[in-house]
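Asker: My structure is below; once you've seen it, I'll send some questions.
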Amino acid sequence: MALVSMRQLLDEAAKGGYGIGAFNVNNMEQIQAIMEAARETNSPVIVQASRGARAYSNDRFLYHLMLAATEVYPEIPIVLHQDHGNSPETCKSAIEMGFTSVMMDGSLMADGKTPSSFQYNVKVTREVVEIAHARGVTVEGEIGCLGGVEDGHGAGLDGLAHLTDPDEAVEFVHQTGVDALAIAIGTSHGAYKFTQAPTGETLKIERLIEIHRKLPNVHLVMHGSSSVPKDLQDIINRYGGKLKPTWGVPVEEIQRGINNGVRKINVDTDSRLAMTGAIRKVFAEHPEEFDPRSYLKPAREAMKKVIAQRMTEFGQAGHAGDYRPIPLAEMAKRYARETVTV
Ligand SMILES: [Zn+2]
C-alpha cells in the first residue's frame with residue numbers, strides 16, 4: 001500500500017468520532033515502534049517529521065524507512081506528514097519527496113520564531129494549498145500561536161499568550177482552503193508544559209468548542225499534546241536523569257477535544273521520555289553492555305507501549321481496515337472539483 005492522504009484519514013476519523021495521534025520520528029526505531037503499536041491495535045497511522053528530523057536523519061533515509069513501513073505493514077493506512085513547515089519551500093520539498101501531507105505554519109515567519117501577520121499567514125498557506133491539492137496532498141495550517149519551542153520551531157511564548165480567535169479562524173479557512181487547522185488553546189511544545197497539575201480549566205476547551213461550532217467541517221489539530229506521564233519521568237530520574245517536575249496535557253482533556261472536532265493529536269515528548277528512560281535503565285543496571293541493540297530494543301519497546309496506549313485512548317484503535325485508501329491522484333481530482341464549485 002502506498003502512503004495515504006491525511007485528509008482521508010481525518011475524514012474517516014470525523015465520521016467515526018475518534019482522533020488520530022500524529023507521532024514524531026527521527027530514526028528507524030521510532031518508526032518501528034509506531035508501526036508495531038499500530039499493528040497491535042489495528043490503527044491507521046500518521047507519522048510526522050519536523051524540519052529538525054529531516055535534517056537529522058537526512059530525509060532520504062527517513063522517506064525510504066517509511067516506504068519500508070508500507071511494505072512491512074500493508075494492512076495499515078500510513079500518512080507521512082511534514083510537521084511545522086516554516087515556508088512554502090519546505091513544504092514543496094516535502095511534497096516532491098513523497099510526503100502525503102504538509103503543515104504550512106504561517107503563524108510564524110520563516111525564521112520559525114517571530115509571530116507573523118494574518119495576511120502573511122493567509123498568503124503562504126494559500127500558496128501551499130494550491131501546490132499540495134494539485135497533487136492530492138493534504139494541508140494543515142495554524143492560526144494563533146502555540147506555546148514553547150519544538151525542534152527549534154516556536155516563539156517560546158506562554159501557551160496562553162496568543163489563543164486562536166474563532167472569527168479569525170473562520171476567515172483563515174475560507175481564504176486558504178486548508179484541510180486541517182492547528183489551533184492554540186493553551187498547549188505548549190516540549191516537556192515543560194505546565195508547572196502544576198492541570199485542572200479541567202487548564203485548556204481553553206470553551207474556545208475549542210466555539211471554533212468547532214463555527215467550522216464544523218474543518219479537522220482541528222491539537223499540538224503539544226503529550227501527557228508527560230509521571231511514571232515515565234520517574235524512570236528517567238530513578239536512573240540518573242534530572243527532569244524538573246512537570247505536567248502535560250491529561251488524556252481526558254484530549255478526549256474532550258476529540259468530542260469537539262479534534263481529529264489529529266500531536267505527540268512527541270511522551271515517545272522521547274519512554275525511550276530515554278529505557279536506555280538509562282539499561283545503562284544503570286548493565287554498565288557492561290556496549291551493543292547498541294541492548295538498549296535500543298528496550299527503548300523501542302517502551303515507545304511502542306506508550307504509543308499503543310495513546311492509539312487506544314484517542315479511539316483510532318480498531319479502524320485500520322475500515323476503508324480503502326484513495327490514491328493521491330483521485331484526491332487531486334476531488335480538490336479540483338471543489339475549487340470549481342467555489
Ligand atoms: Zn507543533
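The values are calculated or read from the model by the stated rules, or taken from the named source; none is laboratory data. Treat the numbers as computed from the prediction; the structure is a model and nothing was measured. Positions of Cβ are generated from backbone atoms using ideal geometry, with glycine treated the same way; all protein chains shown enter the neighbour counts. For the accessible areas, the whole protein counts, side chains as well, though only heavy atoms, and no ligand, DNA or RNA atoms are used. Shrake-Rupley method; radii C 1.70, N 1.55, O 1.52, S 1.80 Å.
Asker: When the convex hull of the Cα atoms of the range 143-186 is projected onto a plane and the area is averaged over all directions, what value comes out in nm²? List each step's numbers first, then the result.
Answerer: Numbers: hull surface 13.0 nm².
For the range 143-186, averaging the hull's shadow over all directions gives 3.2 nm².
Asker: Distances over 19 Å make up what percent of all Cα-Cα pairs in the range 157-258?
Answerer: Counting pairs separated by more than 19 Å, the tail of P(r) holds 47 percent.
Asker: Give the angle, between 0 and 90 degrees and rounded to the nearest 10, that separates the Cα long axis of helix 292-314 from the longest principal axis of the Cα atoms of the chain.
Answerer: Here the helix axis deviates by roughly 50 degrees.
Asker: Separate question: Count the DSSP beta bridges whose two residues both fall in the range 52-152, then state the antiparallel fraction as a percent rounded to the nearest 5. Intermediate results must be reported in sequence, preceding the final value.
Answerer: Values: 1 of 8 bridges.
Looking only at bridges with both residues in the range 52-152, the antiparallel portion is about 10 percent.
Asker: Counting only pairs 8 or more residues apart or on different chains, how many lysine pairs in the range 236-342 have their Cα atoms under 27 Å apart?
Answerer: For the range 236-342, qualifying lysine pairs total 15.
Asker: What ratio of Cα Rg to 2.2 N^0.38 Å holds for the range 262-342?
Answerer: Compared with the compact-globule rule of thumb, the range 262-342 sits at 1.74.
Asker: Right, next: For the range 190-341, what are Rg and Dmax over the alpha carbons, in angstrom?
Answerer: Computed over the Cα atoms of the range 190-341, radius of gyration and Dmax are 19.7, 67 Å.
Asker: Tell me, what are the semi-axes, in whole angstrom and largest first, of the equivalent ellipsoid of the range 207-276 as set by the roots of 5 times the Cα gyration tensor eigenvalues?
Answerer: After scaling each eigenvalue by five and taking roots: 31, 10, 8 Å.
Asker: Sorting check: for 310-317, 278-285, which peptide has the highest mean count of neighbouring beta carbons within 10 Å, and how do the rest follow? Could you put the intermediate results ahead of the total?
Answerer: On the way: 310-317: 22.2, 278-285: 16.8.
Ranking, from highest mean packing down: 310-317, 278-285.
Asker: For a protection proxy built on the mean count of beta-carbon atoms within 10 angstrom, sort 184-194, 137-147, 91-101, 229-239 highest first, please.
Answerer: Those peptides, ordered most packed to least, come out 137-147, 184-194, 91-101, 229-239.
Asker: Averaged across orientations, what area in nm² does the convex hull of the alpha carbons in the range 114-220 project?
Answerer: 7.3
Asker: Another one. Can you pull out the GluC sites (Glu not before Pro) in the range 52-89 whose DSSP state is coil and whose Cβ has at most 11 other Cβ atoms within 10 Å?
Answerer: Sparse-neighbourhood loop GluC sites (Glu not before Pro): 75.
Asker: Something else: Share of the chain's accessible area from carbon and sulfur, percent, 1.4 Å?
Answerer: 53
Asker: If the viscosity is 0.890 mPa s and the temperature 25 °C, what translational diffusion coefficient in µm²/s does Stokes-Einstein give for the range 13-62 when Rh comes from Kirkwood over Cα pairs?
Answerer: 207
Asker: Here is a further query. Roughly how large, in nm² to one decimal, is the mean projection of the convex hull of the alpha-carbon atoms in the chain? Kindly include the intermediate steps, with their values, before the conclusion.
Answerer: Values: hull surface 63.2 nm².
Computed as one quarter of the Cα hull surface, the answer is 15.8 nm².
Asker: While we're looking at this one, here's another question. Using a ≥ b ≥ c from the Cα gyration tensor of the range 1-104 (square roots of the eigenvalues), is it rounded, prolate or oblate, where a/c under 1.5 gives rounded and otherwise the larger of a/b and b/c decides, a/b for prolate?
Answerer: oblate
Asker: Just want to confirm a number: the relative contact order over the chain, from Cα pairs under 8 angstrom separated by 6+ residues, in percent. Write down the numbers at each step before the final one.
Answerer: Details: 723 pairs, mean separation 76.0, N = 342.
Averaging sequence separation for qualifying contacts and normalising by length gives 22 percent for the chain.
Asker: Assuming a viscosity of 1.306 mPa s and a temperature of 10 °C, what translational diffusion coefficient in µm² per second does Stokes-Einstein assign to the range 76-125, Rh being the Kirkwood radius over Cα pairs?
Answerer: Stokes-Einstein gives a translational diffusion coefficient of 141 µm²/s.
Asker: Mind ordering 17-30, 294-307 by average Cβ neighbours within 10 Å, highest first?
Answerer: Going from most to least packed, we get 17-30, 294-307.
Asker: Further question: If you take the beta carbon distance between residue 213 and residue 2 as r and set R0 to 51 Å, what does 1/(1 + (r/R0)^6) give as a FRET efficiency, to the nearest 0.05?
Answerer: That pair, residue 213 with residue 2, gives E of 0.90.
Asker: Also, quick follow-up: Just to confirm the number: angle between the C-alpha axis of helix 269-285 and the first principal axis of the chain, 0 to 90 degrees, nearest 10?
Answerer: 10
Asker: No solvent, one uniform scatterer per C-alpha: report log10 I(q)/I(0) for the range 46-93 via the Debye equation at q = 0.19, 0.23, 0.27 1/Å, two decimals.
Answerer: These q points yield log10 I(q)/I(0) values of -0.63, -0.85, -1.04.
Asker: Find how much the distance from residue 60 to residue 120 grows on full extension, using 0.36 nm per residue of separation minus their present alpha carbon separation; answer in nm with one decimal.
Answerer: Going from the current span to full extension adds 18.6 nm.
Asker: Helix 328-341 versus the longest principal axis of the chain: what angle, 0 to 90°, nearest 10, using Cα atoms?
Answerer: 40
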